[in-house]
Amino acid sequence: MSRPILCDGSYDGLLSALFEAHRRRPMPDAVLMEKPEQTSLFEEVEFIPTQVEHARRLQRAIDQQLGPSSATHVQMLHTSFLPDAGTMLLHYLNLGWQVGRHLDEYMTHPAVLPVHRVSRRVSLEIHRLSGLVRFSPTEQGVLYAALEPDYRVIPPLATHFQDRLTNEKWILHDLRHHQAAFYKPGELRILNLPANLRPQMAEDSYESLWQAFYDAIAIQHRLNPKLRRNHMPTRYHKHLPEMQRTRQ
């Protein structure tokens, strides 16, 4: 093994670093998506610049030699942005080049199991938040939604809402990871945005409408708080208008 390598954190950057890692002998100790706060005195981290052609070559190899499920796991691991996600993918793909499209059948293998676990968690959060994001109008008439996800799920969520709010202007703001998607018809951008830079909301907020809708569809004798927590975990309630009512 050789010293760790570092990418710029983008998806193409991660693929570029993984491409370079698999060309080297010996293989790097780790693939990092952001520089560690502390490194040992004798440990040096080498930065690998993003090379789009290398990223595309690796993506094609994953698609053709490993298959769509493996490609999805790679995307989900990048979305997690966990400190060891790149290293997990390094070992996952290394096994993949040996076993090909059977890779995800090795479900208990130490190179596969952690990848599947993280991928499931990220996929579940994307699925949950696609139904739990609540947009409200700003004073400028732009729809705005704040969220604090466990993972950096703004890119896949932005794609989801781009298909559903095609004719609106909206902002999807990740307060935890300081990232936001800005959309206007025909254009989507994802930028860094601090949590304290939040727009002024309009007085006619949708909060009361969400609460009225929640009351209207509720069936009182079938309320199941435990089941609701499974589908709407309490950590998401802070940004759900229907959960913010003042109970008398």
- Item | Members of the range 162-174 found to be open to solvent by less than 20 Å² (accessible area, probe 1.4 Å) and closer than 19 Å to R128 by Cα, listed by number | L172, H173, D174
- When only residues in the range 2-12 that are touching a helix residue (DSSP H, G or I) at 6+ places or on another chain (Cβ under 6 Å) and either surrounded by 21 or more Cβ atoms within 10 Å (Cβ to Cβ) or among the hydrophobic types (A, V, I, L, M, F, W, C) (or both) count, which is nearest to P49 (Cα to Cα)? C7
- Message: Show the residue pairs meeting these rules: Cβ distance below 6 Å; 6+ apart or different chains; first residue within the range 115-126 and farther than 12 Å from D104 by Cβ; second residue open to solvent by 10 Å² or more (accessible area, probe 1.4 Å) and among the hydrophobic types (A, V, I, L, M, F, W, C).
- Response: V122/M76; S123/M76
- Note on the structure: The number of residues in the range 96-115 that are closer than 24 Å to E34 by Cα, open to solvent by less than 20 Å² (accessible area, probe 1.4 Å) and in a helix (DSSP H, G or I) is 1
- Complete set of residues in the range 161-218 that are charged (D, E, K, R), at pLDDT 90 or above and outside any helix (DSSP H, G or I): E168, K169, D174, R176, K184, E187, R189
- Message: Tell me whether the range 128-136 contains one or more residues that are under 21 Å from the mean Cα position of the chain (by Cα), among the aromatic types (F, W, Y) and either part of a loop (DSSP other than H, G, I, E, B) or within 29 Å of P83 (Cβ to Cβ) (or both).
- Response: yes
- Message: The conditions are (1) within 30 Å of R198 (Cβ to Cβ); (2) hydrophobic (A, V, I, L, M, F, W, C); (3) open to solvent by 50 Å² or more (accessible area, probe 1.4 Å), and M76 fails exactly one of them. Which is it?
- Response: (3)
- Condition broken by E125, with the remaining ones in (1) within 22 Å of H178 (Cα to Cα); (2) surrounded by fewer than 17 Cβ atoms within 10 Å (Cβ to Cβ); (3) under 16 Å from the mean Cα position of the chain (by Cα) satisfied: (2)
- Query: Which condition number does P155 fail, the rest of (1) part of a helix (DSSP H, G or I); (2) within 23 Å of D63 (Cβ to Cβ); (3) more than 12 Å from the chain's Cα centre (by Cα) being met?
  - Reply: (3)
- Task: Take the range 13-49 and flag every residue that is open to solvent by 30 Å² or more (accessible area, probe 1.4 Å), modelled with pLDDT of 85 or more and among the β-branched types (V, I, T).
- Result: V45
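The values are calculated or read from the model by the stated rules, or taken from the named source; none is laboratory data. Quick caveat: nothing in here was measured; it's all calculated off a predicted structure. All Cβ positions, glycine included, derive from the backbone under ideal geometry; neighbour counts span all protein chains shown. Note: accessible area is taken over every heavy atom of the protein model, side chains too, but ligands, DNA and RNA are not part of it. Shrake-Rupley method; radii C 1.70, N 1.55, O 1.52, S 1.80 Å.
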